[in-house]
Amino acid sequence: QVQLVESGGGLVHAGGSLRLSCAASGNIFSINTMGWYRQAPGKQRELVATITSGGTTNYADSVKGRFTISRDNAKKMVYLQMNSLKPEDTAVYYCNGDLVQRDNLWTRTRNYWGQGTQVTVPS
């Protein structure tokens, strides 16, 4: 079974740091673009950061200069380093990615979501 699993969330006071990890597992041939999203209570899920297979990154304006997305292709992992955390960062953070599977003559790319990990920054 192919899946993404997040870890590293928790409660951190304003100004603190956390590093989120996302592990891809299962029969994965390759991994394309990966991203982190977040959803606060009563709000829409929003893009936080993305990283392509070649390492090109994009960030939401609200996290630029504070968050860094990275990946380790050998370990099939993607990370989100979060510094200078603010109460506005409180949300469930979700890992997302396009994972490629191979079966005999075919390859198949599907989009996957992790189950989410809670990040809480008290005001």
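Scan the stretch 17-50 for trypsin sites (Lys or Arg not before Pro) in coil per DSSP, keeping those whose Cβ has at most 16 other Cβ atoms within 10 Å, and list them by number.
Hits after loop and neighbour filter: Lys43, Arg45.
In whole percent, how big is the carbon plus sulfur part of the accessible area of the chain, probe 1.4 Å, protein atoms only?
47 percent
How much accessible area per residue does the chain have, counting only protein heavy atoms and a probe of 1.4 Å, in square angstrom?
55 Å²
Rounded if a/c is under 1.5, else prolate if a/b beats b/c, else oblate: with a ≥ b ≥ c from the C-alpha gyration tensor eigenvalues square-rooted, which is the chain?
Prolate, since a/c reaches 1.5 and a/b exceeds b/c.
Cross-link partners among aspartates and glutamates for Lys64, C-alpha distance below 20 Å, same-chain residues fewer than 8 apart left out?
Cα-Cα hits under 20 Å: Glu46, Glu88, Asp89.
Starting at the first residue of the stretch 76-89, write each ³J(HN,Hα) from the Karplus equation 6.51 cos²θ - 1.76 cosθ + 1.60 with θ = phi - 60°, in whole Hz, x for Gly and Pro.
Once θ is set to phi - 60°, the couplings for the stretch 76-89 become 6, 10, 10, 10, 9, 8, 10, 10, 6, 5, 10, x, 5, 7 Hz.
Kindly write out, for the stretch 54-67 in residue order, the coupling ³J(HN,Hα) from the Karplus curve 6.51 cos²θ - 1.76 cosθ + 1.60 (θ = phi - 60°), rounded to whole Hz, with x marking Gly and Pro.
Residue by residue, the stretch 54-67 yields x, x, 6, 10, 9, 9, 5, 4, 5, 10, 4, x, 10, 10 Hz.
Taking amide H positions as placed in the peptide plane 1.01 Å from N, state which residues far from Val48 in sequence (5 or more) or on other chains have amide H under 5 Å from it.
Trp36, Tyr37, Arg38
Hey, if we sort Asp89, Asp98, Asp103, Asp61 by accessible area with the 1.4 Å probe, largest down, what's the order?
Asp61, Asp103, Asp98, Asp89
For Ser30 and Gln101 in the same chain, what is the full-extension length gain: residue separation times 0.36 nm, less their Cα-Cα distance, in nm?
24.9 nm
The values are calculated or read from the model by the stated rules, or taken from the named source; none is laboratory data. What you are looking at is a predicted structure, and each value in this text was computed from that prediction instead of being measured. Glycine gets a Cβ as well: all are built from the backbone with ideal geometry, and neighbour counts include every protein chain shown. With ligands, DNA and RNA removed, areas are computed over all heavy atoms of the protein, side chains included. Shrake-Rupley method; radii C 1.70, N 1.55, O 1.52, S 1.80 Å.
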